[in-house]
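The block underneath contains the structure these notes are about, expressed in structure tokens.
Nothing in this text is a laboratory measurement; each read-out follows from the coordinates by a stated rule. Because the structure is a prediction, the values reported are computed rather than measured. Neighbour counts are summed over all protein chains in view; Cβ atoms, including those assigned to glycine, are modelled from backbone coordinates with ideal geometry.
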Amino acid sequence: ASNMKAEKVVISQRLNERVWSRGDQKPPRRVRVKAVKDKEGVVKVDLASD
């Protein structure tokens, strides 16, 4: 969020499920994401398509 200078960040359902897929003890080391800032200044984050 600080790189995009945004106050509000919205994480997609798919990304949230990927982060929590192995529970809170073993989150994935890396997750490739795509962040897009809309006109209102809200950053929407989703999994990057392969």
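Taken over the stretch 25-37, residues that are among the polar types (S, T, N, Q) and either under 10 Å from Leu47 (Cα atoms) or in a strand (DSSP E or B) (or both) amount to 0. For the stretch 2-13, residues that are within 10 Å of the chain's Cα centre (by Cα) and surrounded by 10 or more Cβ atoms within 10 Å (Cβ to Cβ) total 4.
For the stretch 32-50, the tally of residues that are surrounded by 13 or more Cβ atoms within 10 Å (Cβ to Cβ) and more than 8 Å from the chain's Cα centre (by Cα) stands at 3. Of the residues Arg18, Arg22, which is assigned to a helix (DSSP H, G or I), surrounded by 10 or more Cβ atoms within 10 Å (Cβ to Cβ) and not hydrophobic (A, V, I, L, M, F, W, C)? Of Arg18, Arg22, the one residue that is assigned to a helix (DSSP H, G or I), surrounded by 10 or more Cβ atoms within 10 Å (Cβ to Cβ) and not hydrophobic (A, V, I, L, M, F, W, C) is Arg18.
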